[in-house]
Amino acid sequence: MTADHLPLPQFPEFDENYRAGFASFVGRPNAGKSTLTNALVGEKVAITSSKPQTTRHTIRGIVHRPGTEDRPGAQLVLVDTPGLHRPRTLLGSRLNDLVIDTLSEVDVVGFCLPADEKIGPGDRFIAGQLTKLPHKPVVALVTKTDKVSRSELAEQLIAADQLGREHLAGEARQAEGFAAIIPVSAVNGEQVDVVADELIQMMPTSPPLYPEGELTDEPEQVMVAELIREAALEDVRDELPHSIAVTVEEMIPREDRPEGRPLLDVHATIHVERDSQKAIIIGRRGSRLKQIGSQARTGITKLLGTPVHLDLHVKVTKEWQRDPKKLNRLGF
């Protein structure tokens, strides 16, 4: 995760003041982490949804900033993580462990606090977890500012400052709370550049870590599975998102296609835990599954830059969130 652990690409020339490093966003589920990641990268690299536990993998988005006469170039690698929460299942515990492991290796942490929700026990739980990372700068990012009035935003900024002073101040951290507090609206693009500026200032001097133009290092198969899961999360009941997982069995070019008219066959499975959930995903006469396939296919075609035939199946994998072997097979 750190620059020391990566095989560096060979760049013939780079400014000795060039900065490059890793930042990770944390926060309660649905705090705006993935939306902010996409806004900073300028392309969709992380799926978004109003449902909890949307992000289940660490997803790296790469921000490239060319140098100018006034400032050196920089590369900011954003690590989007699952939402930290009090786990109720083995899956939840594994996701929390993934977040803590990720945070121990990045250069700076961005703590996302939505402006339209009062700071509560979940935020304090996360702040307590961050105390396990001594000497790691933490920036408070007050997200979704487009949803509140100026007075409400001011109240949230004061509350964020108080949270930092209560949990992140002290001699062990050599700080008086958050390293910075930045209000931001990823949807409207307000203050997104300010967030990038602040995070880059906390990066070490380093040559670039990724080639120019590369926006993520996620395998295509993982991103395809995530786009299918994003489509499946739309308009489903609250208990269902936790029970949905997606595996991509194969992605193969269709043979005997005319030159200039390629087609990629994608075969994938949506896993749920109960027969009743399978019925919801499929819908009446397959209408829901057809809708999921249509939405996912649009995103996959844009991602891969080629037409796609998507073959979707739904499978009941009972209690997969609590079964270690099933979790392993599903990639957790």
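The values are calculated or read from the model by the stated rules, or taken from the named source; none is laboratory data. Nothing here was measured: the structure is a model prediction, and the numbers come from that model. All Cβ positions, even for glycine, are placed from backbone atoms using ideal geometry, and neighbour counts span all protein chains on display.
Remarks
- Residues being under 19 Å from the mean Cα position of the chain (by Cα), not in a loop (DSSP other than H, G, I, E, B) and not polar (S, T, N, Q) - total across region 128-154: 6
- Considering residues of region 299-329 that are hydroxyl-bearing (Ser, Thr, Tyr) and not in a helix (DSSP H, G or I) only, the residue nearest to Arg261 (Cα to Cα): Thr306
- Within region 251-271, the set of residues being under 26 Å from the mean Cα position of the chain (by Cα) and modelled with pLDDT of 90 or more comprises Val266, His267, Ala268, Thr269, Ile270, His271.
- If only residues of region 124-147 that are touching a Phe, Trp or Tyr at 6+ places or on another chain (Cβ under 8 Å) and under 17 Å from Leu157 (Cα atoms) are counted, the one that is surrounded by the most Cβ atoms within 10 Å (Cβ to Cβ) is Leu141.
- For the residues Ser49, Ser93, Ser24, the requirement of being among the polar types (S, T, N, Q), under 12 Å from the mean Cα position of the chain (by Cα), farther than 16 Å from Gly213 by Cα and at pLDDT 60 or above singles out Ser24.
- Restricting the search to helices (runs of 4 or more DSSP H) fully inside region 192-298 and requiring at least 1 residues that are closer than 30 Å to Gly42 by Cβ gives 192-201, 220-233.
- Filter pass, Ala232 being modelled with pLDDT of 80 or more and not assigned by TED's automatic domain parsing to the domain that holds Ala140: yes
- Of all positions in region 155-165, none carries a residue that is at pLDDT 95 or above, within 17 Å of the chain's Cα centre (by Cα) and on the phi < 0 side of the Ramachandran plot.
- Taken over region 167-206, residues that are modelled with pLDDT of 90 or more and not hydrophobic (A, V, I, L, M, F, W, C) amount to 13.
- Given (1) farther than 20 Å from Ser243 by Cβ; (2) more than 21 Å from the chain's Cα centre (by Cα); (3) surrounded by 14 or more Cβ atoms within 10 Å (Cβ to Cβ), number of the condition Gly299 does not satisfy: (2)
- Members of region 306-324 found to be more than 25 Å from the chain's Cα centre (by Cα) and among the basic types (Lys, Arg), listed by number: Lys315, Lys318
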